[in-house]
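The values are calculated or read from the model by the stated rules, or taken from the named source; none is laboratory data. Just so it is clear, the model here is predicted, and its values are computed rather than measured. Here Cβ is always computed from backbone atoms with ideal geometry, including for glycine, and neighbour counts include all displayed protein chains.
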Amino acid sequence: MRDQGAELIDDLTIIFGSDRNNTTGLYIATRPSPTSPFGTPAPLTAINATGAATGPALTPDGLTLYYALTTAQDTGDIYVTHRNSKADPFAPGTSVTGLNSTTSDLDPFISTDGSTLYFDSARATGTALHLYVAVRQANGSFAAPQALTAFNTNTVDGHPVLSRDGLTLYWSSTRTDGGAQGLTDIWMASRSSTAGDFGAPVRVPQLSSASGESMSWISSDNCMVLLQSDRPGGAGAQDIYQAFRPL
């Protein structure tokens, strides 16, 4: 069983992707307090009925959900769905205009202000995933995605996560430079302002292991992350982990 792509809302609700029950889809679980265990996950039935949904990404208010959907006709497109309150269920989403290609487009991550969407796509090679970014235009639609050439390698680069302040970008890569530890490691790049360019990529050794890791979420204070890993000791083939650092 593989669990991945977890997103937290107010530390009380988690949405993640899983292939449990022999079906790939999105699940939701809640807890009464941040220190309590989560209850039994429930499938997002309306979304899961439309195809294999993965890679959920929520806006900070918990009202807009981006995700990737694979169907018999497509190997992965990015979809979005909205709800009026956190008490409402998410309805099936619609394809995000201008983002998707004829190849796999996966693992969306939306910036805090909703102006920028990061994702990975195989559009350049047809097989290997690389990082892309799209900026929202004045009319609300996204401009044509641009490859993050400063970070993409001749291997696989994906699962982008942007910090809430927009100053640090995390992603996973199978690149072998920079003291790579495992099959897939977590990398990061920082910048001094959202108007500037990101600096050189640096591997994050505290989050990487001899196995494979990728990030899915980071808290507003940058002190807690959710990641998925296939490291030994988990419950399945891939599991969701959390990591903390001091304030």
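Quick rundown of the values:
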read-out: In region 174-193, the residues that are surrounded by fewer than 18 Cβ atoms within 10 Å (Cβ to Cβ) and either in contact with a Cys (Cβ under 7 Å, 6 or more places away or on another chain) or at pLDDT 95 or above (or both); value: Ser190, Arg191, Ser192, Ser193
read-out: Tabulated pairs, region 131-155, first under 15 Å from Ile110 (Cβ atoms) and part of a strand (DSSP E or B), second modelled with pLDDT under 95 and β-branched (Val, Ile, Thr), C-beta under 8 angstrom, 6+ apart or interchain; value: Phe142/Thr97
read-out: Residue under evaluation Thr125, criteria (1) touching a residue at least 60 places away in the same chain (Cβ under 8 Å); (2) farther than 26 Å from Thr45 by Cα, criterion not met; value: (1)
read-out: Identity of the residue in region 60-88, of a type in the set (Gly, Ala, Ser) and assigned to a loop (DSSP other than H, G, I, E, B), that ends up farthest from Ser216 (Cα to Cα); value: Ala72
read-out: Residue ID - nearest to the chain's Cα centre (by Cα), chosen from residues in region 1-19 that are crowded, with 17+ Cβ neighbours inside 10 Å and polar (S, T, N, Q); value: Gln4
read-out: Qualifying residue in region 174-186 (condition: in a strand (DSSP E or B), of a type in the set (Gly, Ala, Ser) and closer than 26 Å to Gly17 by Cα); value: no
read-out: Residues that are surrounded by 16 or more Cβ atoms within 10 Å (Cβ to Cβ), of a type in the set (Gly, Ala, Ser) and touching a residue at least 24 places away in the same chain (Cβ under 8 Å), drawn from region 20-48; value: Gly25
read-out: Among the candidates Ala210, Ala200, residue that is more than 22 Å from Tyr66 (Cβ to Cβ), in contact with a Leu (Cβ under 9 Å, 6 or more places away or on another chain) and aliphatic (A, V, I, L, M); value: Ala210
read-out: Restricting region 125-140 to residues that are surrounded by 15 or more Cβ atoms within 10 Å (Cβ to Cβ) and hydrophobic (A, V, I, L, M, F, W, C), the residue that is farthest from the chain's Cα centre (by Cα); value: Ala128
read-out: Meets criteria (in contact (Cβ under 8 Å) with a residue 12 or more places away in the chain, crowded, with 20+ Cβ neighbours inside 10 Å, β-branched (Val, Ile, Thr) and not in a loop (DSSP other than H, G, I, E, B)) for Thr54; value: yes
read-out: Condition met for Ser211 (touching a Pro at 6+ places or on another chain (Cβ under 9 Å), modelled with pLDDT under 95 and either closer than 21 Å to Ser229 by Cβ or among the hydrophobic types (A, V, I, L, M, F, W, C) (or both)); value: yes
